[in-house]
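Only one structure is covered here, and it is reproduced in the block below.
The values are calculated or read from the model by the stated rules, or taken from the named source; none is laboratory data. None of the values given here were measured: they were computed from a predicted structure. Cβ placement follows ideal geometry from the backbone for every residue including glycine, while neighbour counts extend to all protein chains displayed.
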Amino acid sequence: MPKRPKGLNMSITYVNNILQNLFKTDYAGLRIVVSYSAMQELFNEGKSIDDVVEILEEGQDAPRKRSSDTIERWLNKGSKTFNAVIVKDYNCELHEDCWVLIHFGRFTRK
């Protein structure tokens, strides 16, 4: 009897745990951890965590206000604007403060 393949959720969890420990991408001295929904948004746009760091470092502050410990930055590329939203949090697995990427998006400017 052949083995049943693992479900998609188990595969994503396994890959996410590996990626969090394999790539140590930092912004402002803290590691960036990607939420599951933001990871799907990155995959849909064909972008990586390095693109997020580029937006955070080279972009401008978003015109709307966010709560404290939340940063939203926009970066214009051609007629498109990419935005990234990160929140300061504590990672219990790694026992350190970190940024959590909660949203990554793209929209067209007029």
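Per-structure values
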item	result
Residue count, the range 63-85 (criterion: assigned to a strand (DSSP E or B) and of a type in the set (D, E, K, R))	4
Test: A84 is buried (at least 16 other Cβ atoms within 10 Å of the Cβ), in contact with an Asp or Glu (Cβ under 8 Å, 6 or more places away or on another chain), touching a residue at least 24 places away in the same chain (Cβ under 8 Å) and small (G, A, S)	yes
Test: residue in the range 77-92 that is farther than 15 Å from G29 by Cα and among the hydroxyl-bearing types (S, T, Y)	yes
Single residue of K88, K47, K24 found to be charged (D, E, K, R), outside any helix (DSSP H, G or I) and modelled with pLDDT under 90	K24
Residue selected from the range 27-43 under the condition in a loop (DSSP other than H, G, I, E, B) and over 10 Å from the mean Cα position of the chain (by Cα), by the criterion surrounded by the fewest Cβ atoms within 10 Å (Cβ to Cβ)	G29
Search result, residues across the range 87-110 that are exposed (fewer than 12 other Cβ atoms within 10 Å of the Cβ) and either β-branched (V, I, T) or within 15 Å of E54 (Cα to Cα) (or both)	T108
Tabulated pairs, the range 60-73, first among the polar types (S, T, N, Q), second modelled with pLDDT of 90 or more and surrounded by 11 or more Cβ atoms within 10 Å (Cβ to Cβ), C-beta under 7 angstrom, 6+ apart or interchain	Q60/R73; Q60/W74; T70/V85; T70/V87
Subset of the range 63-75 [surrounded by 12 or more Cβ atoms within 10 Å (Cβ to Cβ) and either farther than 25 Å from K110 by Cα or at pLDDT 95 or above (or both)]	T70, I71, E72, R73, W74, L75
